[in-house]
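Below are the structure tokens for one structure; questions will follow.
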Amino acid sequence: MITANIKISTPNKATSKSLVASVQPDNLNMKGLKVKGQALDHSASFSLEFGGKIETFIFTLDDLLRCLQAAKETLEKVSN
């Protein structure tokens with residue numbers, strides 16, 4: 001089993017909730033992958049577990065980080 005934990009700083013809990021919600025649809029389709037997101041007061045936390053090949057996990061992790069970056073940048077622009 002391969003695991004990773006990601007923690008992203010946010011200005012408030014509303015932004016954290018939005019980040020967690022923004023990647024939720026992507027978490028449903030990959031066999032053997034579990035992604036759990038949690039919105040905290042000043043951060044969004046994600047834990048990932050995968051029972052497949054390390055290469056696939058790296059590509060999936062990269063995709064998740066890109067989606068989170070895009071969502072965070074969008075939220076920052078909208079809230080300013």
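The values are calculated or read from the model by the stated rules, or taken from the named source; none is laboratory data. Note that this is a predicted model, so its numbers are computed, not measured. Positions of Cβ are backbone-derived with ideal geometry, glycine not excepted, and every protein chain shown enters the neighbour counts.
Can you tell me which of 4, 14 is among the small types (Gly, Ala, Ser) and out of contact with any strand residue (DSSP E or B) (no Cβ under 7 Å at 6 or more places or on another chain)?
Matching residue, one of 4, 14: 14.
Cβ-Cβ under 7 Å, sequence separation 6+ or interchain: first residue in segment 65-80 and surrounded by 11 or more Cβ atoms within 10 Å (Cβ to Cβ), partner part of a helix (DSSP H, G or I) and of a type in the set (D, E, K, R). Which pairs?
If the second residue must be part of a helix (DSSP H, G or I) and of a type in the set (D, E, K, R), the pairs left are 67/26.
Would you tally the residues in segment 30-53 being surrounded by 13 or more Cβ atoms within 10 Å (Cβ to Cβ) and not in a loop (DSSP other than H, G, I, E, B)?
Final tally of qualifying residues: 14.
Which of the numbered conditions does residue 5 fail, given that it passes all the others? Conditions: (1) modelled with pLDDT under 90; (2) loosely packed, with under 12 Cβ neighbours inside 10 Å; (3) not in a helix (DSSP H, G or I).
(1) is the only condition that residue 5 fails.
To continue, here is another question. Given the condition basic (Lys, Arg) and not in a strand (DSSP E or B), answer yes or no: does some residue in segment 56-75 qualify?
Yes: segment 56-75 contains one or more residues that are basic (Lys, Arg) and not in a strand (DSSP E or B).
Looking only at segment 49-80, filter to residues that are over 11 Å from the mean Cα position of the chain (by Cα) and polar (S, T, N, Q); which one of those is nearest to residue 7 (Cα to Cα)?
Among those residues, the one meeting the criterion is 74.
Would a scan of segment 26-45 turn up a residue that is polar (S, T, N, Q) and at pLDDT below 90?
yes
Would you check which residues across segment 8-24 are within 11 Å of the chain's Cα centre (by Cα) and surrounded by fewer than 16 Cβ atoms within 10 Å (Cβ to Cβ) and list them?
21, 24
Counting just the residues of segment 54-64 that are surrounded by 11 or more Cβ atoms within 10 Å (Cβ to Cβ) and not aromatic (Phe, Trp, Tyr), which one comes out nearest to residue 42 (Cα to Cα)?
64
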